[in-house]
Amino acid sequence: MDKEEQRPQTSPHVLIFPLPAQGHVNSMLKLAELLALAGLNLTFLNSDFVHEQLLRHTDVVSRFLKYAGFEFRTIPDGLPDEHPRAGHAFMEIFETLESITKPIFKEMLVNMKPRVDCLLADGVLGIAVDVAEELGIPIVQFRTISACSTWAYFAVPDMIQAGELPIKGKEDMDRLITSVPGMETFLRCRDLPGFCRVMDSTLQRISEDTRKNFKGHGLLLNTFEDLEGDILSHMRTKSPNIYTVGPLHLHLRTRLCDSNQTLFDQYSSSFYEVDRSCLSWLDKQPKGSVVYVSFGSLTVLSSEQVFEFWFGLVNSGKRFLWVLRPGIMPDEGKNIPVELMEGSKKRGCIVSWAPQEEVLGHGAIGGFLTHSGWNSTLESVVEGVPMICWPYFADQQINSRFVSQVWGLGLDMKDLCDRHIVEKMVNDLMVERREEFLKSATKMAKLAKECVNVGGSSYCNLDRLVEDIRSMNF
Ligand code: UDP
């Protein structure tokens, strides 16, 4: 039987289209599996580049093929193969998606069999909204970032109108921003989404696309009510149909367990080869003693910055597990000081890519030095691990403000990258203020678990989404 004949005949056909980036693909695959468990017919559209990475490094593709109504399709992202697809250069993808991918996507949708009944598109893909509108296909958008940063992007035109943007240089960074409802008392210029620092076409596009998110048939968010309820209540004044279904990785784990799926094994959707040796290293470390350090899949660092973090970690005297991804340091970090090498041998473990969800769930981990990407933040929240935030760009600046100021889950290093500050923050997190952060982190982790259990807010919202897709009741 070919894939088309296997599709459940009575279920609508949903096409899922993520931005081709690690964090986006990770969370949309989790969502896809939740919808597959609910029996929907699904096509998951990857860029050729991403699909190749998944085939090379994971068993995701074969894992999904066990779902009768599931199929992968691929499309070019328009960038040349050798493009780094990281750092600020990643943003170039938006131009090629518009000029190259969009017409191919439209053609694909027109000819797709069975017909696509609903498009579930990444909320940063304005091209998907345009094509859905043109072809009259209902669209639900999924913002893979936090509600707080989505809401701040939405407020960009209001900030401009109120004269609060643009930011007037470095000396302006501590000015309070008052025109984002719900954040009037604590949001400074330096906490605004990274793109607000430069008033260029990227900011304009992101702000326009975010406005479009509020006009679709529904807006899906990888967050939960107990974490972002206050901001969500403001957002619902603009878009009543918001489905909070996160934390998706925990939600999927829970539903797989509930449905007695033997498939509850940890699986990877990494674009890199996962080095699992760090788990055996962690097994040998005392409980809560290790700082896990990772800056996600897109951050790019200079060797000076790497050395500042490295000195800070070694000088703190704490154990650390550090992910130094291939390509994270384009200038290669030549002449590594000998004391760093020695310090790492004694108390450190450095890998090029870790099984992050498992690492954060390991008892030896006591803290997470993170770039505050939204997936990393949620993964830390779920495991009750306090954070030190060093946001790199985009939504990360605002996430880190919420982690420290609103949720009390850790410290925000913000724009500083200095070995003394790293050392002090590691000591504060792991020793001085440990009890305080652990208390809030443990409480939030419990709430995260409750919201994905039967009757919890994310659980009910996912059921509502599936029902709405089945009945096209948007
Ligand atoms: N990740 C991983 N291993 C690593 C580093 C990161 O599996 O060594 C995963 C992490 O679990 C998360 C994703 O990569 O799901 C990164 O997404 P995030 O939104 O945190 O940051 P981005 O990469 O988009 O900046």
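No value in this document is a laboratory result; all are computed from the given coordinates. What you see is a predicted model, and the numbers here were worked out from it, not measured in a lab. All Cβ positions, glycine included, derive from the backbone under ideal geometry; neighbour counts span all protein chains shown.
Being of a type in the set (Val, Ile, Thr) and outside any helix (DSSP H, G or I) is the filter here, so list the residues in segment 304-328 that pass it.
Scanning segment 304-328 gives 323, 328.
Within segment 114-147, how many residues turn out to be closer than 16 Å to residue 42 by Cα and not in a loop (DSSP other than H, G, I, E, B)?
So the answer is 9.
Could you grab me the full set of residues in segment 318-375 that are within 16 Å of the ligand (Cβ to nearest atom), surrounded by fewer than 22 Cβ atoms within 10 Å (Cβ to Cβ) and among the hydroxyl-bearing types (Ser, Thr, Tyr)?
Answer for segment 318-375, where residues must be within 16 Å of the ligand (Cβ to nearest atom), surrounded by fewer than 22 Cβ atoms within 10 Å (Cβ to Cβ) and among the hydroxyl-bearing types (Ser, Thr, Tyr): just 352.
Only one residue in 294, 269, 302, 277 is out of contact with any Leu (no Cβ under 6 Å at 6 or more places or on another chain) and either acidic (Asp, Glu) or closer than 28 Å to residue 451 by Cα (or both), so which one is that?
294
Find all pairs meeting these conditions: Cβ atoms under 7 angstrom apart; at least six residues apart or on different chains; first residue within segment 286-302 and over 30 Å from residue 83 (Cα atoms); second residue within 14 Å of the ligand (Cβ to nearest atom).
290/282; 290/320; 290/321; 290/365; 291/320; 291/369
For (1) over 28 Å from the mean Cα position of the chain (by Cα); (2) not aromatic (Phe, Trp, Tyr), each residue gets a yes or a no:
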position	(1), (2)
310	no, no
314	yes, yes
318	no, yes
323	no, yes
330	no, yes
342	yes, yes
346	yes, yes
351	no, yes
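Please note which strands (runs of 3 or more DSSP E) are completely contained in segment 188-303 and include at least 2 residues that are more than 16 Å from the ligand (Cβ to nearest atom) and surrounded by 14 or more Cβ atoms within 10 Å (Cβ to Cβ).
218-221, 242-244
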